[in-house]
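Below is one structure; the comments refer to it alone.
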Amino acid sequence: MVSFDREAVRRLMLEDGYQETQIDDSVTSVSHLDQKLQPLIDAYVKNKSITKKFAIEGLTVMMIMEKFDCDFWVGLEFLDDFIDDPEQAEMLKEFSLFN
């Protein structure tokens, strides 16, 4: 699990277009992400920057956001799905993102 300032994340989600009714569930979901994603969350909370340094088999949160036209939080949860299955990330990258 990751740690973060819940109020800061709530404010960012509001800025990103989330409705108040969505935020509690979304913040709870973020809190259950793999600890390996902590640097991504820290950078985004600090200044809304999206680092390209963290990748799973070359798949980054930015690639997910661009391909699936989603925001940072959805992209982060998507990337979390591949933490324990990097082969699946590689397959997605090869067959979905660039073809």
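Principal-axis analysis of the Cα atoms of the chain puts helix 20-31 at an angle of about 60° to the longest axis. Its Cα centre serving as origin, the chain has a Cβ charge dipole (Lys and Arg +1, Asp and Glu -1) of approximately 480 debye. Under the criterion of Cα pairs below 8 Å and six or more residues apart, the relative contact order for the chain equals 24 percent.
Loop-located chymotrypsin sites (Phe, Trp or Tyr not before Pro) across segment 17-99 with a Cβ neighbour count of 14 or fewer within 10 Å are Phe98, with loop assigned by DSSP. With the helix formula -39500 (n - 2.57) applied to DSSP H stretches of n ≥ 4, the chain reaches a computed 222 nm mean residue ellipticity of -16000 deg cm²/dmol. Which angle from 0 to 90°, rounded to the nearest 10, does the C-alpha axis of helix 38-47 make with the longest principal axis of the chain? Once rounded, one gets 50 degrees. Accessible surface calculations at 1.4 Å, restricted to protein heavy atoms, place segment 10-99 at 59 Å² per residue. The C-alpha atoms of the chain define a longest principal axis, and helix 6-15 lies at about 80 degrees to it.
Measuring nothing but protein heavy atoms, the accessible surface of the chain at 1.4 Å probe radius is 49 percent carbon and sulfur. Of the residues Gln22, Ile64, Pro39, the one whose Cα sits farthest towards the positive end of the charge dipole of the chain is Pro39 (charges of +1 on Lys and Arg Cβ, -1 on Asp and Glu Cβ, taken about the Cα centre).
The values are calculated or read from the model by the stated rules, or taken from the named source; none is laboratory data. Note that the structure is a prediction, hence the values are computed from the model and not measured. Because the Cβ atoms are built from the backbone with ideal geometry, glycine has one as well, and the counts that use them run over all protein chains shown. The area values use the complete protein model at the heavy-atom level, side chains included, leaving out ligands, DNA and RNA. Shrake-Rupley method; radii C 1.70, N 1.55, O 1.52, S 1.80 Å.
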